[in-house]
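Student: Have a look at the structure that comes next, please.
Computed from the coordinates by the stated procedures, all read-outs in this text should not be read as laboratory data. Everything numeric in this text was worked out from a predicted model, so none of it was measured. Neighbour counts are summed over all protein chains in view; Cβ atoms, including those assigned to glycine, are modelled from backbone coordinates with ideal geometry.
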Amino acid sequence: MTKKVVIKDMKGLHASLSAEIVRCASQYTADIYLHYGKNVIDIKSILGLLSLAIPQGVEVELEANGQDAELALNDIARVLGN
């Protein structure tokens, strides 16, 4: 299952937003990935998220596999402001 979202925070995907995403994603058993360009990062890895340095306004794709995948995608999209 996939979902496209736009990074809306004015600072892009910064440290505190990344930490919030990891906390949110860690509540779910689904495997969750963020696709940005050619990069695919486990969204439960704060270092992985920070390494992407995604600016504001960029569309990324979230991918989740598992029993609670849909709930996870919707919750993470909410955190990102979508």
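Student: Charges on Cβ only, +1 for Lys and Arg, -1 for Asp and Glu, centred on the Cα centroid of the chain; of Leu80, Ile54, Val40, which one is farthest towards the dipole's positive end?
Tutor: About the Cα centre, the residue reaching furthest to the positive side is Ile54.
Student: Once amide H atoms are placed 1.01 Å from N in the peptide plane, what residues at a sequence separation of 5 or more from Lys8, or on another chain, have their amide H within under 5 Å of its amide H?
Tutor: Gly57
Student: May I pose another question? Could you list Tyr36, Tyr28 in order of exposure, starting from the residue whose Cβ has the fewest other Cβ atoms within 10 Å?
Tutor: The most exposed by this proxy come first: Tyr36, Tyr28.
Student: Report the residues of the stretch 1-28 in range of a label on Leu50: point 7 Å along Cα→C-beta, backbone N strictly under 14 Å from it.
Tutor: Answer for the stretch 1-28: 13-23.
Student: Rounded to whole Hz and in sequence order, give me ³J(HN,Hα) for the stretch 41-48 from the Karplus expression 6.51 cos²θ - 1.76 cosθ + 1.60, θ = phi - 60°, writing x for Gly and Pro.
Tutor: Coupling constants for the stretch 41-48: 10, 5, 6, 8, 10, 5, 5, x Hz.
Student: Working out 0.36 nm times the residue gap between Thr29 and Gln67, then minus their Cα-Cα distance, what length gain in nm do you get to one decimal?
Tutor: 12.9 nm
Student: Using square roots of five times the C-alpha gyration tensor eigenvalues, list the equivalent-ellipsoid semi-axes of the chain in whole Å, biggest first.
Tutor: Each semi-axis is the square root of five times an eigenvalue, giving 18, 12, 12 Å.
Student: Tell me the mean residue ellipticity at 222 nm calculated for the chain from its helices only (DSSP H runs of n ≥ 4, each -39500 (n - 2.57), averaged over every residue, nearest 500).
Tutor: Computed mean residue ellipticity for the chain: -10500 deg cm²/dmol.
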